[in-house]
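The values are calculated or read from the model by the stated rules, or taken from the named source; none is laboratory data. Just so it is clear, the model here is predicted, and its values are computed rather than measured. Methodologically, a virtual Cβ is constructed for each residue, glycine included, from the backbone with ideal geometry; neighbour enumeration extends over all protein chains shown. Surface areas here come from the heavy atoms of the whole protein model, side chains and all, with no ligands, DNA or RNA. Shrake-Rupley method; radii C 1.70, N 1.55, O 1.52, S 1.80 Å.
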Amino acid sequence: MTSAQITARTKNPTKRLILIAAKLAITGALAWYLFGEIDLRKSGAHLANFDIGWGILALLVLALLFFIAAFRWQIYARALGIPLAIGTAFRLYLIGQFFGQILPAGIGGDALRVWLLARRGVALGTSAASVVLERLTGLLGLLVLMALLLPLTFTFVDDTAARLTIIILLVGGVGAISAVFGLSFVPRLIKQWRVPAVISKMADAASDARRSGLMLKPAASVFFLSLLMQLLAVLSVFLLALGLGMDLPALACLALVPVVLLVSTLPISLAGWGVREGAMVATLGFAGIENSQALALSILFGLALLALSLLGAIFWLVQGR
(Lines give C-alpha, C1' and ligand atoms only; values in the text may rest on other atoms or scores of the structure.)
Protein backbone atom coordinates (compact mmCIF):
# COMPACT_ATOMS: atom_id res chain seq x y z
CA MET A 1 0.00 0.00 0.00
CA THR A 2 1.38 3.39 -0.98
CA SER A 3 1.69 6.34 1.37
CA ALA A 4 -0.99 8.19 -0.62
CA GLN A 5 -3.45 5.34 -0.07
CA ILE A 6 -2.66 5.26 3.63
CA THR A 7 -3.21 9.01 3.85
CA ALA A 8 -6.55 8.75 2.03
CA ARG A 9 -7.67 5.96 4.34
CA THR A 10 -6.82 7.94 7.46
CA LYS A 11 -8.35 11.20 6.24
CA ASN A 12 -11.79 9.79 5.44
CA PRO A 13 -12.55 8.50 8.97
CA THR A 14 -11.36 11.82 10.37
CA LYS A 15 -13.72 13.74 8.08
CA ARG A 16 -16.59 11.45 9.03
CA LEU A 17 -15.89 11.92 12.72
CA ILE A 18 -15.79 15.69 12.27
CA LEU A 19 -19.11 15.59 10.39
CA ILE A 20 -20.72 13.42 13.07
CA ALA A 21 -19.42 15.68 15.84
CA ALA A 22 -20.77 18.73 14.01
CA LYS A 23 -24.24 17.19 13.68
CA LEU A 24 -24.29 16.19 17.32
CA ALA A 25 -23.18 19.69 18.27
CA ILE A 26 -25.93 21.29 16.17
CA THR A 27 -28.55 18.96 17.65
CA GLY A 28 -27.35 19.76 21.17
CA ALA A 29 -27.17 23.50 20.54
CA LEU A 30 -30.69 23.63 19.09
CA ALA A 31 -32.07 21.56 21.95
CA TRP A 32 -30.31 23.77 24.51
CA TYR A 33 -31.71 26.91 22.87
CA LEU A 34 -35.27 25.57 22.69
CA PHE A 35 -35.21 24.26 26.23
CA GLY A 36 -33.97 27.64 27.40
CA GLU A 37 -36.66 29.58 25.55
CA ILE A 38 -39.66 27.32 26.18
CA ASP A 39 -41.34 26.37 29.44
CA LEU A 40 -40.59 22.66 29.58
CA ARG A 41 -43.04 22.11 32.41
CA LYS A 42 -45.87 23.24 30.14
CA SER A 43 -44.63 20.97 27.35
CA GLY A 44 -44.44 18.11 29.83
CA ALA A 45 -47.98 18.80 30.98
CA HIS A 46 -49.21 18.71 27.38
CA LEU A 47 -47.46 15.38 26.84
CA ALA A 48 -48.85 13.97 30.08
CA ASN A 49 -52.39 14.79 28.98
CA PHE A 50 -51.98 13.33 25.51
CA ASP A 51 -54.89 11.20 24.29
CA ILE A 52 -53.28 7.88 23.34
CA GLY A 53 -56.17 7.03 21.00
CA TRP A 54 -55.18 9.80 18.60
CA GLY A 55 -51.58 8.62 18.92
CA ILE A 56 -52.51 5.11 17.78
CA LEU A 57 -54.29 6.56 14.74
CA ALA A 58 -51.22 8.67 13.94
CA LEU A 59 -49.00 5.58 14.18
CA LEU A 60 -51.28 3.72 11.76
CA VAL A 61 -51.08 6.61 9.30
CA LEU A 62 -47.29 6.67 9.57
CA ALA A 63 -47.15 2.90 9.10
CA LEU A 64 -49.15 3.33 5.88
CA LEU A 65 -46.73 6.09 4.88
CA PHE A 66 -43.75 3.75 5.37
CA PHE A 67 -45.46 1.01 3.38
CA ILE A 68 -46.10 3.40 0.49
CA ALA A 69 -42.47 4.51 0.65
CA ALA A 70 -41.39 0.88 0.36
CA PHE A 71 -43.79 0.38 -2.54
CA ARG A 72 -42.36 3.50 -4.20
CA TRP A 73 -38.88 2.05 -3.81
CA GLN A 74 -40.02 -1.29 -5.25
CA ILE A 75 -41.41 0.40 -8.37
CA TYR A 76 -38.07 1.97 -9.17
CA ALA A 77 -36.18 -1.18 -8.20
CA ARG A 78 -38.16 -3.22 -10.69
CA ALA A 79 -37.69 -0.54 -13.35
CA LEU A 80 -33.95 -1.02 -12.80
CA GLY A 81 -34.26 -4.80 -13.07
CA ILE A 82 -34.01 -5.53 -9.33
CA PRO A 83 -36.27 -8.46 -8.27
CA LEU A 84 -37.50 -6.83 -5.05
CA ALA A 85 -40.72 -8.17 -3.49
CA ILE A 86 -42.91 -5.72 -1.61
CA GLY A 87 -42.47 -7.61 1.67
CA THR A 88 -38.70 -7.49 1.33
CA ALA A 89 -38.79 -3.84 0.32
CA PHE A 90 -40.88 -2.96 3.39
CA ARG A 91 -38.58 -4.90 5.70
CA LEU A 92 -35.40 -3.37 4.29
CA TYR A 93 -36.96 0.09 4.30
CA LEU A 94 -37.81 -0.19 8.00
CA ILE A 95 -34.30 -1.43 8.77
CA GLY A 96 -32.94 1.61 6.95
CA GLN A 97 -35.31 3.86 8.89
CA PHE A 98 -34.11 2.40 12.19
CA PHE A 99 -30.44 2.96 11.43
CA GLY A 100 -31.26 6.39 10.02
CA GLN A 101 -32.69 7.26 13.43
CA ILE A 102 -29.74 6.03 15.48
CA LEU A 103 -26.75 6.70 13.22
CA PRO A 104 -25.24 10.22 13.34
CA ALA A 105 -24.57 10.12 9.60
CA GLY A 106 -27.39 11.78 7.68
CA ILE A 107 -27.54 9.11 4.96
CA GLY A 108 -26.74 6.10 7.16
CA GLY A 109 -30.12 4.45 6.60
CA ASP A 110 -29.99 4.93 2.84
CA ALA A 111 -26.44 3.59 2.66
CA LEU A 112 -27.55 0.54 4.62
CA ARG A 113 -30.37 -0.12 2.16
CA VAL A 114 -27.87 0.00 -0.69
CA TRP A 115 -25.62 -2.43 1.18
CA LEU A 116 -28.48 -4.81 1.99
CA LEU A 117 -29.48 -4.94 -1.67
CA ALA A 118 -25.84 -5.47 -2.69
CA ARG A 119 -25.64 -8.43 -0.29
CA ARG A 120 -28.54 -9.95 -2.20
CA GLY A 121 -26.51 -9.98 -5.39
CA VAL A 122 -27.64 -6.64 -6.83
CA ALA A 123 -24.94 -4.49 -8.43
CA LEU A 124 -23.87 -1.69 -6.13
CA GLY A 125 -24.53 1.05 -8.70
CA THR A 126 -28.01 -0.28 -9.44
CA SER A 127 -28.81 -0.52 -5.72
CA ALA A 128 -27.66 3.05 -5.19
CA ALA A 129 -29.72 4.25 -8.16
CA SER A 130 -32.92 2.78 -6.73
CA VAL A 131 -32.37 4.49 -3.37
CA VAL A 132 -31.40 7.79 -5.01
CA LEU A 133 -34.59 7.74 -7.07
CA GLU A 134 -36.75 6.91 -4.07
CA ARG A 135 -35.27 9.75 -2.04
CA LEU A 136 -35.30 12.36 -4.80
CA THR A 137 -38.91 11.61 -5.75
CA GLY A 138 -39.92 12.03 -2.12
CA LEU A 139 -38.22 15.42 -2.00
CA LEU A 140 -39.81 16.40 -5.31
CA GLY A 141 -43.27 15.50 -4.01
CA LEU A 142 -42.73 17.66 -0.95
CA LEU A 143 -41.49 20.61 -3.02
CA VAL A 144 -44.44 20.38 -5.42
CA LEU A 145 -46.89 20.20 -2.52
CA MET A 146 -45.30 23.25 -0.89
CA ALA A 147 -45.41 25.17 -4.16
CA LEU A 148 -49.09 24.35 -4.67
CA LEU A 149 -49.89 25.38 -1.11
CA LEU A 150 -47.74 28.52 -1.15
CA PRO A 151 -50.70 30.95 -1.47
CA LEU A 152 -52.41 29.23 1.46
CA THR A 153 -49.17 29.22 3.46
CA PHE A 154 -48.71 32.93 2.95
CA THR A 155 -52.21 33.60 4.32
CA PHE A 156 -50.81 32.45 7.67
CA VAL A 157 -47.20 33.60 7.25
CA ASP A 158 -47.37 37.38 6.97
CA ASP A 159 -43.76 38.10 7.91
CA THR A 160 -41.59 39.14 4.95
CA ALA A 161 -38.43 37.48 6.26
CA ALA A 162 -40.27 34.22 6.92
CA ARG A 163 -41.81 34.25 3.45
CA LEU A 164 -38.40 34.84 1.92
CA THR A 165 -36.97 31.94 3.93
CA ILE A 166 -39.68 29.60 2.64
CA ILE A 167 -38.99 30.67 -0.94
CA ILE A 168 -35.25 30.12 -0.42
CA LEU A 169 -35.95 26.63 0.92
CA LEU A 170 -38.05 25.84 -2.14
CA VAL A 171 -35.43 27.16 -4.53
CA GLY A 172 -32.70 25.31 -2.66
CA GLY A 173 -34.62 22.03 -2.87
CA VAL A 174 -35.17 22.46 -6.59
CA GLY A 175 -31.48 23.30 -6.96
CA ALA A 176 -30.44 20.12 -5.14
CA ILE A 177 -32.59 17.95 -7.40
CA SER A 178 -31.32 19.80 -10.47
CA ALA A 179 -27.72 19.27 -9.35
CA VAL A 180 -28.17 15.51 -9.06
CA PHE A 181 -30.03 15.44 -12.38
CA GLY A 182 -27.22 17.42 -14.02
CA LEU A 183 -24.62 15.16 -12.45
CA SER A 184 -26.28 12.19 -14.13
CA PHE A 185 -25.27 13.46 -17.58
CA VAL A 186 -21.55 13.64 -16.96
CA PRO A 187 -20.31 10.44 -15.24
CA ARG A 188 -17.67 9.75 -17.91
CA LEU A 189 -16.54 13.36 -17.98
CA ILE A 190 -16.17 13.32 -14.19
CA LYS A 191 -13.95 10.25 -14.40
CA GLN A 192 -11.76 12.02 -16.96
CA TRP A 193 -11.40 14.97 -14.57
CA ARG A 194 -10.27 12.55 -11.84
CA VAL A 195 -12.49 14.09 -9.22
CA PRO A 196 -12.98 12.32 -5.86
CA ALA A 197 -14.30 8.76 -6.14
CA VAL A 198 -17.43 9.49 -4.12
CA ILE A 199 -18.58 12.08 -6.68
CA SER A 200 -17.81 9.68 -9.51
CA LYS A 201 -19.88 6.94 -7.86
CA MET A 202 -22.70 9.39 -7.22
CA ALA A 203 -22.64 10.40 -10.88
CA ASP A 204 -22.89 6.76 -11.95
CA ALA A 205 -25.82 6.15 -9.62
CA ALA A 206 -27.51 9.36 -10.74
CA SER A 207 -27.06 8.34 -14.38
CA ASP A 208 -28.74 4.97 -13.80
CA ALA A 209 -31.44 6.68 -11.77
CA ARG A 210 -32.12 9.25 -14.48
CA ARG A 211 -32.53 6.61 -17.17
CA SER A 212 -35.04 4.74 -15.02
CA GLY A 213 -36.70 7.84 -13.62
CA LEU A 214 -37.45 9.20 -17.05
CA MET A 215 -39.54 6.14 -17.84
CA LEU A 216 -43.06 7.57 -17.86
CA LYS A 217 -44.87 4.77 -16.06
CA PRO A 218 -42.68 4.48 -12.92
CA ALA A 219 -42.05 8.22 -12.74
CA ALA A 220 -45.74 9.19 -12.86
CA SER A 221 -46.95 6.56 -10.40
CA VAL A 222 -44.14 7.22 -7.94
CA PHE A 223 -44.72 10.98 -8.10
CA PHE A 224 -48.36 10.63 -7.08
CA LEU A 225 -47.35 8.21 -4.33
CA SER A 226 -44.89 10.83 -3.08
CA LEU A 227 -47.62 13.48 -2.91
CA LEU A 228 -49.83 11.04 -1.01
CA MET A 229 -47.01 10.34 1.44
CA GLN A 230 -46.54 14.02 2.24
CA LEU A 231 -50.27 14.42 2.84
CA LEU A 232 -50.19 11.40 5.16
CA ALA A 233 -47.32 12.97 7.08
CA VAL A 234 -49.36 16.15 7.51
CA LEU A 235 -52.36 14.06 8.61
CA SER A 236 -50.28 12.25 11.23
CA VAL A 237 -49.15 15.58 12.68
CA PHE A 238 -52.75 16.81 12.73
CA LEU A 239 -53.88 13.67 14.58
CA LEU A 240 -51.14 14.16 17.16
CA ALA A 241 -52.24 17.78 17.55
CA LEU A 242 -55.78 16.59 18.23
CA GLY A 243 -54.41 14.22 20.84
CA LEU A 244 -52.73 17.16 22.55
CA GLY A 245 -55.96 19.15 22.47
CA MET A 246 -54.37 21.86 20.32
CA ASP A 247 -56.50 24.46 18.58
CA LEU A 248 -54.78 23.89 15.24
CA PRO A 249 -57.11 24.26 12.22
CA ALA A 250 -56.74 21.61 9.54
CA LEU A 251 -55.98 24.25 6.90
CA ALA A 252 -53.23 25.75 9.06
CA CYS A 253 -51.72 22.31 9.52
CA LEU A 254 -51.84 21.67 5.77
CA ALA A 255 -50.28 25.06 5.02
CA LEU A 256 -47.50 25.04 7.61
CA VAL A 257 -46.43 21.46 8.36
CA PRO A 258 -44.88 20.83 4.88
CA VAL A 259 -42.46 23.66 5.66
CA VAL A 260 -41.45 21.82 8.83
CA LEU A 261 -41.03 18.58 6.89
CA LEU A 262 -38.76 20.26 4.36
CA VAL A 263 -36.60 21.87 7.03
CA SER A 264 -36.35 18.47 8.75
CA THR A 265 -34.71 16.98 5.64
CA LEU A 266 -31.67 19.22 6.04
CA PRO A 267 -28.79 16.87 6.95
CA ILE A 268 -27.40 19.08 9.70
CA SER A 269 -28.58 17.29 12.85
CA LEU A 270 -29.13 13.83 14.28
CA ALA A 271 -32.24 12.35 12.60
CA GLY A 272 -33.72 15.84 12.31
CA TRP A 273 -33.92 16.34 16.09
CA GLY A 274 -33.56 19.95 17.11
CA VAL A 275 -34.06 21.26 13.59
CA ARG A 276 -37.58 19.83 13.42
CA GLU A 277 -38.49 21.19 16.86
CA GLY A 278 -37.20 24.66 16.05
CA ALA A 279 -39.06 24.69 12.74
CA MET A 280 -42.27 23.45 14.35
CA VAL A 281 -42.16 26.12 17.07
CA ALA A 282 -41.39 28.93 14.61
CA THR A 283 -43.84 27.82 11.93
CA LEU A 284 -46.87 26.98 14.06
CA GLY A 285 -46.43 30.28 15.84
CA PHE A 286 -47.99 31.88 12.76
CA ALA A 287 -51.15 29.90 13.52
CA GLY A 288 -51.23 31.16 17.10
CA ILE A 289 -49.90 27.95 18.67
CA GLU A 290 -47.99 28.33 21.93
CA ASN A 291 -44.30 27.39 21.91
CA SER A 292 -44.80 24.73 24.57
CA GLN A 293 -47.55 23.04 22.56
CA ALA A 294 -45.59 23.18 19.32
CA LEU A 295 -42.55 21.65 21.03
CA ALA A 296 -44.67 18.87 22.51
CA LEU A 297 -46.16 18.17 19.08
CA SER A 298 -42.76 17.97 17.42
CA ILE A 299 -41.41 15.66 20.12
CA LEU A 300 -44.43 13.38 19.71
CA PHE A 301 -43.96 13.27 15.94
CA GLY A 302 -40.29 12.38 16.35
CA LEU A 303 -41.12 9.68 18.90
CA ALA A 304 -43.77 8.24 16.58
CA LEU A 305 -41.22 7.95 13.78
CA LEU A 306 -38.75 6.37 16.19
CA ALA A 307 -41.34 3.91 17.50
CA LEU A 308 -42.19 2.66 14.02
CA SER A 309 -38.52 2.43 13.07
CA LEU A 310 -38.04 0.02 16.00
CA LEU A 311 -39.81 -2.54 13.81
CA GLY A 312 -36.74 -2.27 11.60
CA ALA A 313 -34.57 -3.19 14.59
CA ILE A 314 -36.71 -6.29 15.10
CA PHE A 315 -36.37 -7.25 11.44
CA TRP A 316 -32.61 -6.68 11.66
CA LEU A 317 -32.31 -8.98 14.67
CA VAL A 318 -34.62 -11.64 13.26
CA GLN A 319 -32.60 -11.98 10.07
CA GLY A 320 -29.64 -12.88 12.28
CA ARG A 321 -27.03 -10.55 10.78
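State yes or no: is Ala162 more than 22 Å from Phe301 (Cα to Cα), surrounded by 15 or more Cβ atoms within 10 Å (Cβ to Cβ), among the aliphatic types (A, V, I, L, M) and in contact with a Leu (Cβ under 7 Å, 6 or more places away or on another chain)?
So Ala162 does not fit the description; no.
Can you find a residue in segment 83-91 that is buried (at least 18 other Cβ atoms within 10 Å of the Cβ), closer than 20 Å to Gly245 by Cβ and among the hydrophobic types (A, V, I, L, M, F, W, C)? Working first, answer last.
At the first step, the residues of segment 83-91 found to be buried (at least 18 other Cβ atoms within 10 Å of the Cβ) are 84, 89-91.
Add one more test, that the residue is closer than 20 Å to Gly245 by Cβ, and what stays is none.
Among the residues of segment 83-91, not one is buried (at least 18 other Cβ atoms within 10 Å of the Cβ), closer than 20 Å to Gly245 by Cβ and among the hydrophobic types (A, V, I, L, M, F, W, C), which makes the answer no.
What's the total number of residues in segment 42-71 that are open to solvent by 60 Å² or more (accessible area, probe 1.4 Å) and either without any contact (Cβ under 8 Å) to a residue 60 or more places away in the chain or of a type in the set (S, T, N, Q) (or both)?
5
Out of the residues in segment 244-280 meeting the condition of being open to solvent by 20 Å² or more (accessible area, probe 1.4 Å) and part of a helix (DSSP H, G or I), tell me which one is farthest from Asp51 (Cα to Cα).
Among those that are open to solvent by 20 Å² or more (accessible area, probe 1.4 Å) and part of a helix (DSSP H, G or I), it is Val263.
Residues are listed down the side, and each one gets a yes or a no for (1) open to solvent by less than 30 Å² (accessible area, probe 1.4 Å); (2) out of contact with any Lys or Arg (no Cβ under 6 Å at 6 or more places or on another chain); (3) closer than 25 Å to Ile82 by Cβ; (4) among the β-branched types (Val, Ile, Thr):
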| position | (1), (2), (3), (4) |
| --- | --- |
| Arg113 | yes, yes, yes, no |
| Ala118 | no, yes, yes, no |
| Leu133 | yes, yes, yes, no |
| Leu139 | no, yes, yes, no |
| Met146 | yes, yes, no, no |
| Leu152 | no, yes, no, no |
| Val157 | yes, no, no, yes |
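Can you tell me which of (1) part of a loop (DSSP other than H, G, I, E, B); (2) at pLDDT below 85; (3) farther than 19 Å from Thr126 by Cα; (4) of a type outside the set (Val, Ile, Thr) is the one Phe35 doesn't meet?
Unmet for Phe35, out of (1) part of a loop (DSSP other than H, G, I, E, B); (2) at pLDDT below 85; (3) farther than 19 Å from Thr126 by Cα; (4) of a type outside the set (Val, Ile, Thr): (1).
Criterion first (without any contact (Cβ under 8 Å) to a residue 40 or more places away in the chain, of a type in the set (Ser, Thr, Tyr) and in a helix (DSSP H, G or I)) does Ser298 satisfy it?
Considered against the rule, which asks whether it is without any contact (Cβ under 8 Å) to a residue 40 or more places away in the chain, of a type in the set (Ser, Thr, Tyr) and in a helix (DSSP H, G or I), Ser298 comes out as yes.
So which of Ala147, Ala105, Ala89 is at pLDDT below 90 and touching a helix residue (DSSP H, G or I) at 6+ places or on another chain (Cβ under 7 Å)?
Ala105
Modelled with pLDDT of 85 or more, among the hydrophobic types (A, V, I, L, M, F, W, C) and more than 20 Å from Leu303 (Cα to Cα): which single residue out of Leu94, Leu112, Leu124 fits that description?
The match here is Leu112.
Restricting to segment 302-321, what's the tally of residues that are part of a helix (DSSP H, G or I) and either open to solvent by 70 Å² or more (accessible area, probe 1.4 Å) or β-branched (Val, Ile, Thr) (or both)?
Here the count works out to 6.
Give me the pairs, please: first residue somewhere in segment 222-235 and without any contact (Cβ under 8 Å) to a residue 40 or more places away in the chain, second residue anywhere and open to solvent by less than 10 Å² (accessible area, probe 1.4 Å), beta-carbon distance under 8 Å, and either six or more positions apart or on two chains.
So the pair list comes out as Val234/Cys253; Val234/Val257; Val234/Pro258.
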